Amino acid sequence: MKACFIKLDSFDETEDGSVIINANNISSVKRLNYNDIIQTMIQMIGGEKFSVHQTPDEIIELAENEHSKKAAYN
């Protein structure tokens with residue numbers, strides 16, 4: 001299975017306010033209200049957690065769009 005990297009808008013302090021993850025390594029996605037801010041919590045297989053602005057449906061759509069792209073090489 002090829003890697004499926006997607007870029008999401010992060011609540012965490014990063015240089016450009018985003019995080020790039022391999023969607024194939026997501027173990028769970030939960031939408032929650034934390035400190036009066038609705039955010040999506042992403043749990044990765046390795047134990048990393050990210051809080052992002054996108055909804056779970058938007059994350060699935062981004063991953064599906066990335067999977068549908070043709071490989072740059074054969």
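Using the heavy atoms of the protein chains alone and a 1.4 angstrom probe, what is the accessible area of segment 1-69 per residue in square angstrom? Walk me through the numbers before you get to the answer.
On the way: 4730 Å² over 69 residues.
So segment 1-69 comes to 69 Å² accessible per residue, rounded to a whole number.
Percent of accessible area on the chain owned by carbon and sulfur, 1.4 Å probe? Write down the numbers at each step before the final one.
Values: 2700 of 5450 Å².
Roughly 50 percent of what the probe reaches on the chain is carbon or sulfur.
Report, ordered by chain and residue number, the aspartates and glutamates lying within cross-link reach of K7, taken as a straight Cα distance under 18 Å and ignoring same-chain residues fewer than 8 apart.
Candidates past the 8-residue exclusion: E15, D16, E48, D57, E58, E61, E64, E66.
Which whole-Hz couplings ³J(HN,Hα) result when phi for each residue of segment 28-44 is put into the Karplus expression 6.51 cos²θ - 1.76 cosθ + 1.60, θ = phi - 60°, listed in order with x for Gly and Pro?
Values, residue by residue: 7, 9, 10, 9, 8, 9, 10, 6, 6, 10, 7, 8, 9, 9, 10, 9, 9 Hz.
In angstroms, what radius of gyration and Dmax does the chain have, counting Cα atoms only?
Gyration radius and largest Cα-Cα distance of the chain: 12.9, 48 Å.
Compute the angle between helix 56-68 and the longest alpha-carbon principal axis of the chain, please, reported from 0 to 90 degrees and rounded to the nearest 10.
10 degrees
The values are calculated or read from the model by the stated rules, or taken from the named source; none is laboratory data. Since we're looking at a predicted model, the values are computed, not measured. What goes into the accessible areas is simple: the full protein's heavy atoms, side chains included, and nothing from ligands, DNA or RNA. Shrake-Rupley method; radii C 1.70, N 1.55, O 1.52, S 1.80 Å.
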